[in-house]
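Values in this text are rule-based calculations from the coordinates and carry no lab data. Since this is a predicted model, take the numbers as computed values, not measurements. Positions of Cβ are generated from backbone atoms using ideal geometry, with glycine treated the same way; all protein chains shown enter the neighbour counts.
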Amino acid sequence: MNERLKDFARREWGPLSTTLRTRLATARWRAVPMTLAAVCLTAAFQVVQNQDWGYRPVQDIGFVRAEDPVWLALLRTPLSLFVPALDLPVWGALAQVLLVFGIAEICIGRWRTLGVAYLATLAGTLYARVGIAIGPDSPFGLPASDARVVDTGPSAAVVGLAVYVCWRYGARWTGAAVVVAMVVEVIVKPNLAGKEHLAAIAAVLVLIAVQARRERVRRAARPVPAPAPGSRR
């Protein structure tokens, strides 16, 4: 039984673990400069928005609500990722960013990490409008009151990045567990945040499908090497 668990762990997390250990051993904190900047930015937003003079400026540049004009929501969405939700402990947001963004930055690179994180966050932001338009009678809908909910924080980006990194490094069961956990979250507590997580996962799964197809096409287009002269076929 122990050998089976060890074999499973090697298959599931071996490539990911090797990449992380190698990079951290050679570069240490220099391996994750973007992640450290994101943690500092999130902490700074938390401090500022809890000051009497700071709440309004943070609201103006990072608060997203479904009732806002689309252009304004799109403008605020990138920074909204780093604004901690007011009703949740900030240490949770900081830990999510440090752990998941750090792993992603090492494993898939800085710019791809930012791209996937933004895609997931944007999918959640746009879903909120669609869900409210559908209405609460549908399992995919939301009540009209959710249009006034402040929608900030890194959770959608974290979920999207976790699924993407798991796919890229072959940790299929771990990625599936993340998806199942988000589905259970929505079943237990069908609120805006939970459904946005599913929208983020859906957007990342579409990205994965597109990239997987492109990789298959690229492999199929590679020329087959000609046999050496005099070799048998």
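Electrostatic bookkeeping for Ala117 treats Lys and Arg as +1 and Asp and Glu as -1; over the other residues with beta carbon under 12 Å from its beta carbon, the sum is +1. Rounding to the nearest 10 and keeping the result within 0 to 90°, find how far the Cα-based axis of helix 155-168 lies from the longest principal axis of the chain. It works out to around 10 degrees. Backbone phi angles across segment 12-20, fed through the Karplus curve with coefficients 6.51, -1.76 and 1.60 (θ = phi - 60°), yield HN-Hα couplings of 6, 10, x, x, 5, 5, 5, 4, 5 Hz in residue order; Gly and Pro are listed as x. Proximity of backbone amide H atoms, modeled 1.01 Å from N, is registered between Phe82 and Gly153 at under 5 Å, excluding neighbours fewer than 5 places apart on the same chain. Distance between the 7 Å Cα→Cβ label points at Ser17 and Asn191: 3.6 nm.
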